[in-house]
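The values are calculated or read from the model by the stated rules, or taken from the named source; none is laboratory data. This one's a predicted model, so the numbers in the text were calculated from it and none came from an experiment. Note that each Cβ is placed from the backbone with ideal geometry, even for glycine, and that neighbours are counted across all protein chains shown.
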Amino acid sequence: MTRTICLIAACLPVVLMSLSAQSVTFSLVPNWAKLPSGWVFGHPQGFPLPAERERARAEAELTRAAAIARGETPPPRPANLQPGVSGVAVDRDDNVYAFHRGEHPILVFDESGQYLRSGGDGITGTVPHFIEVDDQGNVWVVDEAAHRVLKFNSELTEILLQIGVTDEPGYDGVHLDRPADVDIASTGEILIADGYGNNRIAKFSPDGEFIEQWGGGPQDESTADGEFHLPHAVEIDQNDKVYVLDRENRRIQMFDLDGKFLGKWTHLGYAWGLFVSRDGQYAYIAEHDHEQVMQVSTATGEVLARWGRQGHGPSEFDWAHGIAVDSAGAVYVADTYGQRLQKFVPTDR
């Protein structure tokens, strides 16, 4: 089904595909993010074509699978430099934080897209991943290739906490191995999706002391409930229910804050990005196979809205990755190879 949705002077097509009833629509806010003159998201040299990227990734996965079949330790997944916007977060004032793979890695905008400030220059590594803003306005970033999570103050001028040892991967209570995401519970406890290398969720105290983990192990690429094959995103709702995007198992698992398994969704495709609304009613998914975004009821798992497709045009994505939602229900999608951040607002049908 294709709908045409008009917003002010722009009339932009949004492709809506659904396996269930479509009850919500979203429209693009064109040219939303206003960067300072001469600045770009990601890298100005461009990007490989999708077919080239997928071929290289498939070859790497086959090599890993063959090593596992032989009983050998599989080689690590390559930490390739990928241009564009990797993560996005929204604070309590609806300011938007883009975490991108280029100069000035943390960029902050107000809800109208006006640039406010930047941070992280010379601090974050070559592969920034996801970003989170806690209730106190502190900014947490996952510096994947450097094997660490950093907590900045709200002004982005000071690092308040580091979890993980810089440039030193490991599997214990001190080290991380190519972590993917972080979120903060109402208790102040910190959950890290220590995904690419360790296949675990690691829980830390508010001051960064290791408490416990579930899943886990560099070779523990398991399909069992409560275990993972690349936990790529972690979200905690207002009731401290934990949602883990178990990427390579193509599912989202739910837990309590102590790691007790509560359930799972297996019908949402190859999800890469996950956000749970502040009231806990909705989950928002960035799905890779079809390059689309979904709004999902957390109560039923029903897909309420679905839009997007592969491409670089309006409402299209090329490796949709990070996703966040503000207090008005606007959805922000971080596009890796598309090298942009798109904003969508809910509209009447």
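Of all the numbered requirements in (1) of a type in the set (A, V, I, L, M, F, W, C); (2) buried (at least 21 other Cβ atoms within 10 Å of the Cβ); (3) part of a loop (DSSP other than H, G, I, E, B), VAL296 misses one, and that requirement is (3). Cβ-Cβ distances below 8 Å connect the following pairs, each with a first residue in the range 74-98 that is farther than 21 Å from HIS43 by Cα and at pLDDT 85 or above, a second residue that is of a type outside the set (Gly, Ala, Ser) and assigned to a loop (DSSP other than H, G, I, E, B), and a separation of six or more residues or different chains: PRO74/GLN219; VAL90/ASP326; ARG92/ASP135; ASP94/ASP110; ASP94/GLU111; ASP94/ASP326; ASN95/ASP110; ASN95/GLU111. Scanning the range 37-54 for residues that are part of a loop (DSSP other than H, G, I, E, B), modelled with pLDDT under 90 and under 23 Å from the mean Cα position of the chain (by Cα) yields GLY42, HIS43, PRO44, GLY46, PHE47, PRO48, LEU49. For the range 135-144, check the following and say yes or no: at least one residue is more than 21 Å from the chain's Cα centre (by Cα) and either at pLDDT 95 or above or not charged (D, E, K, R) (or both). Checked against the condition, which is being more than 21 Å from the chain's Cα centre (by Cα) and either at pLDDT 95 or above or not charged (D, E, K, R) (or both), the range 135-144 yields no hits at all. Of the set (1) within 25 Å of ASN198 (Cβ to Cβ); (2) more than 23 Å from the chain's Cα centre (by Cα); (3) modelled with pLDDT under 70; (4) not β-branched (Val, Ile, Thr), all apply to LEU12 but (1). The residues of the range 157-173 that are of a type outside the set (S, T, N, Q) and touching an Asp or Glu at 6+ places or on another chain (Cβ under 9 Å), listed by number, are LEU161, GLY164, PRO169, GLY170, TYR171, GLY173.
State the number of residues belonging to the range 251-275 that are part of a strand (DSSP E or B) and either of a type in the set (Ser, Thr, Tyr) or under 22 Å from TYR196 (Cα atoms) (or both). Working first, answer last.
Restricting attention to the range 251-275, the residues satisfying the condition of being part of a strand (DSSP E or B) are 251-255, 261-265, 271-275.
Now narrow it down to the ones that are either of a type in the set (Ser, Thr, Tyr) or under 22 Å from TYR196 (Cα atoms) (or both): 251-255, 261, 264-265, 271-275.
Matching residues across the range 251-275 total 13.
One line per residue, one yes/no per condition, for (1) closer than 17 Å to PRO179 by Cα; (2) of a type in the set (S, T, N, Q); (3) in contact with a strand residue (DSSP E or B) (Cβ under 8 Å, 6 or more places away or on another chain):
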| residue | (1), (2), (3) |
| --- | --- |
| PRO105 | no, no, yes |
| GLN114 | no, yes, yes |
| GLY119 | no, no, yes |
| PRO128 | yes, no, yes |
| VAL139 | yes, no, yes |
| GLU144 | yes, no, yes |
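For the range 55-165, list the strands (runs of 3 or more DSSP E) that sit wholly inside it and hold at least 2 residues that are small (Gly, Ala, Ser); which are they? Lay out the reasoning, then the answer.
Numbers: elements: 85-90, 96-100, 106-109, 115-119, 128-133, 139-143, 148-152, 159-163.
Filter on the range 55-165 gives 85-90, 115-119.
Restricting ARG309, ARG278 to those that are modelled with pLDDT of 95 or more, assigned by TED's automatic domain parsing to the domain that holds ARG250, farther than 17 Å from ARG250 by Cα and surrounded by fewer than 19 Cβ atoms within 10 Å (Cβ to Cβ) reduces the list to ARG309.
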